[in-house]
Every structure is written in C-alpha cells, then in structure tokens.
1. For the range 9-51, give me each residue that is part of a helix (DSSP H, G or I), under 24 Å from the mean Cα position of the chain (by Cα) and surrounded by 20 or more Cβ atoms within 10 Å (Cβ to Cβ).
2. Which members of the range 440-452 meet the condition of being over 20 Å from Ala371 (Cβ atoms) and surrounded by fewer than 24 Cβ atoms within 10 Å (Cβ to Cβ)?
3. So which of Thr427, Thr410, Thr435 is over 16 Å from the mean Cα position of the chain (by Cα), modelled with pLDDT of 95 or more, β-branched (Val, Ile, Thr) and under 23 Å from Gly126 (Cβ atoms)?
4. With respect to Gly203, determine if the residue is over 26 Å from Gly55 (Cβ atoms) and either surrounded by fewer than 24 Cβ atoms within 10 Å (Cβ to Cβ) or in contact (Cβ under 8 Å) with a residue 24 or more places away in the chain (or both).
5. Only one of Ser249, Ser234 is under 30 Å from Gly155 (Cβ atoms) and hydroxyl-bearing (Ser, Thr, Tyr); which?
6. Do we find that Thr122 is of a type in the set (Ser, Thr, Tyr) and either farther than 23 Å from Arg40 by Cα or touching a Gly at 6+ places or on another chain (Cβ under 6 Å) (or both) in this structure?
7. Please specify each residue of the range 194-239 satisfying the condition of being in a loop (DSSP other than H, G, I, E, B), among the aliphatic types (A, V, I, L, M) and in contact with a strand residue (DSSP E or B) (Cβ under 9 Å, 6 or more places away or on another chain).
8. Output the number of residues of the range 110-140 satisfying the condition of being closer than 25 Å to Ala32 by Cβ and either over 16 Å from the mean Cα position of the chain (by Cα) or free of Cβ contacts under 8 Å to residues at least 24 places away in the same chain (or both).
Amino acid sequence: MEPFPEYEDHDALGLAELVRKKEITETELLDAAIARTEARNPAVNAIVNKLYDYGREAIAAGLPDGPFTGVPYLLKDIGGALGGVTQTRGSRFFADVVPPEDSVIVKRGKQSGLVIFGKTNTPEFGLSLTCEPQLFGPSHNPWDLERTPGGSSGGSSAAVAARIVPMASGGDGFGSIRAPAACCGLVGLKPSRARNTQDPYSGEGNAGQTTEHALTRTVRDSAALLDATAGAGSGDPYVAPPPAGPFLSEVGADPGKLRIAMTSRAPNGAPVASEILDVFKDTAKALADLGHDIEEADPDIDRESVIPIFRTVSAGNVAATLRGHPDGKEPGPEDVERVTAAAAKMGEEMSGGDYVRAIQAQHSLGRQMAAFHGNYDVLLTPGLGMLPPKLGWMDMMLDDADEYWDRVFTFSPFTVWFNITGQPGITLPTGVSETGLPISVQLVAPYGDEATLLRLAAQLEVARPWADRRPAMAGD
C-alpha cells in the first residue's frame, strides 16, 4: 500500500494545514508523492525529470513558513526555470540547457513553502494542446490512457489527475492550462496578462499571449497560489492592475447578481460536440439557479483574425527562440519537430510589418472584448470543442502544418481568443461524458478581474462539485 492513504483526499492547502498542525511531516508528504510517482508515472509519463534529492535537500535546509509549507510540487519543463536544473522545453535542441538561476515565479513558489521534486512533460516549445514530444514520448490521460491529457501543460495535468500531487505548474499561450485542465477534470486558471512576472528571462511571452500559473483540483488552491506568485518583476514592460484584496479571500465571497453572457459559437466556426453542449447548457442553468442573469450574447469581434494573429505571433517567436540557443547552436533537420520547423520557417519569411499588424489586430480584439464587457460581467463558453482525442491525432510530426493547426483549434476553439485579449479565463469540470470523461466550461472576465472569476468559480464548485471524482488509476 502507498504511504499515507489520506494524501489524495486533501488539496494543497489541506496538506499544508496537516503539516502546520504537526499531524504529518514535510518528509512524509514528499515520501507519499514519490511513492505515487513510482507507482503511477510509468502509465501516464507525466514526470520526465525526477528531482527527489532536490526536494529532500530543501526540506533538510528548512522550509519557509508559507501557505503551502511542505506541499509536494512539480514544475512544467518550460516557463518558470529552476536554476541549475536542465530545462529542455520538450525539445532535443534544448535538451542540454541549464538555466543559471530560478525564475522569480519559482522563487515565490518556494517562498510559499512548496517542495519541488520533479519536472513535467511538455510538447516541443509548448506548441501543442497535446503532450507528445519526440524527446520524452507522450503523456497519457489518467481517465483513459489512450487519450491525450491535453497540453502543453499535459504532464502537469496528468500528474494532478493521477493524484500524484494536488497541483502543478503550467503556462497558457493558447489554452495550455485551460485545455489540459478540461481534459483531466481539473481547475485551470489562466490569469490576466502580466499577472505573474516572467522575470528574469523574459519581459513577456509571445507578445503577452503566454501567462504562467498552475493546474489545481480546487478553486481555493488556484487562488492561494496566485496570491503567492502574482506581482511585477524588476523591469517588467507592463503590469496587471492590482487586485483589491487577496485572491483567496474571493473564494466563498458573494459574487452578487452577475450579468453573464453565454455563447457556444467559436471564433473559427468549429462545431461543439453534443455532450459538451449539454454540460454547457446545464452549467448555464446552474448559474441562473444561483441568481445570476444569463443571456445568450455573441461578442462582436473580428473572428477571422483570431487564429492568424496567433499563428503570426507564434511563428515570429519560434524563429527567435531557435536563434537563441545559449551556446549559439543552430538547429539541424533532426533537432526540431516538423510543426516547429514549419512555424520557424513562417517566422523567418514574414516581414516586420506582418508582425506589427498582428500585434495591432491583437490590441483591437482586446478593445472589442472590453466593449462587450461594458454590458456583461462574465462570458460563459464551452471549455473544448470535443472530448480529448486519441494520442497521435495532434502529433507535431504531421507533414501538413495547416492541417495540424486546424486540428488543434477544432479541439480547443475557445481558448486562444483570450490569450490574444489578455483576459483571465478559467475552465471548470462541471460535467461528465457518457463514458466518464470530464467535461468543462470556461468562464471569462474583463482584463484584470480574476476576483469575479474566483467568486463565481467557487460558487459553481459547490453547485456542481467535482472534488470526489477521480480516475480509476488513482486511489480510492
């Protein structure tokens, strides 16, 4: 039997409370997480760099007194860097790169008491909403091992869903927290643009489209972690509006009567599976029963620009990344995957004017959504367009990059929209498919207003509870 069977019954704040009350030690918690890693990771391939000694040394040195003291934690292998530890970005080209210092978001996580003991799988450069890198092989969805756990934070979503840890880090550039959370029945919050700093390695990610945070099982863990990590870093080019108070204080607070718009019309016209629509409508009914005003309303935005903006900005950034190996290396034909190579080629061939026009169109979409939120506090959409597909369907080794991106945005047509506008969005697992797979909705608030999202998400967590659902491979 794995140690401490009750480990999986607690979220991160709950585990920290046990440590605070001396009902369990930090070492015993880490041993519980390591035992579950050894038992379950072979099936899901979530953790690609085991840092057990790193975690043990942190405990031996003495942990800071914070909201998560003693809680085992995993870092996605792209984004927030761990100094002195390889950060591959899921790529053979960067497989030997070791960042010299911790990112500020990682330092803040450590100060909150988290115990880092591994790094999780990610697709190359985070360029997919599945997690199937050539470097490490695919991660598997604990609810159905033949299906994707989503991506790019797919290793993190698989680890949390398998109950190896109560939460793990993620980054979201076009849905990479929200989509894997939806695939695996988790809470996936993408904070507002610049809520979490990318100091010291970057001023912004993909022209502000990428935001770092985490995948959690509960709303309160997501809020408390954001309290621990949010805030500007030194020299940041811009910052998110400061919150009125702690994010954790919003969990359980009365949101009042909100004006909620609902739409299932994707910007790219992608269809939405009937089971997902059923959960979307049921969640809207739940929100109405909670006393909110629900109205079908489709935002008046330039829909045709959404995916071209993303692809242009992404391509330019991929091209720059491949020119930025710290040793000055240039990639050979076997160093990067086909979709990555195609994106880099697009980035090298487009003009500076093409890139600037994409940024201008991005800002225009942000203003269009700001105008929409003059009438509505929150927008409700489906979380995904379809249930998690079988592994291989979104493989970055496809020869046809256009077909690849068509599949990505058929699977998740609603998420990239809000990377472009910079708004906070959260996916919540409010339903279940006929075959037992989680189904999620997405809530979106105006830029800077995570507080409203957290109040409303916490209401739904009570009205449509999901905490007791777990895949068969996790403990009872």
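The values are calculated or read from the model by the stated rules, or taken from the named source; none is laboratory data. All of these numbers come straight from a predicted model, not from anything done at the bench. Cβ coordinates were reconstructed from backbone atoms using ideal geometry, including for glycine residues, and neighbour counts include every protein chain displayed.
1. Ala12, Leu13, Leu15, Ala16, Leu30, Ala33, Ile34, Arg36, Thr37, Arg40, Asn41, Val44
2. Selection gives Ala451 alone.
3. The conditions single out Thr410.
4. yes
5. Ser234
6. Answer is yes for this residue.
7. Ala194, Ala230, Val239
8. Result for the range 110-140: 11.
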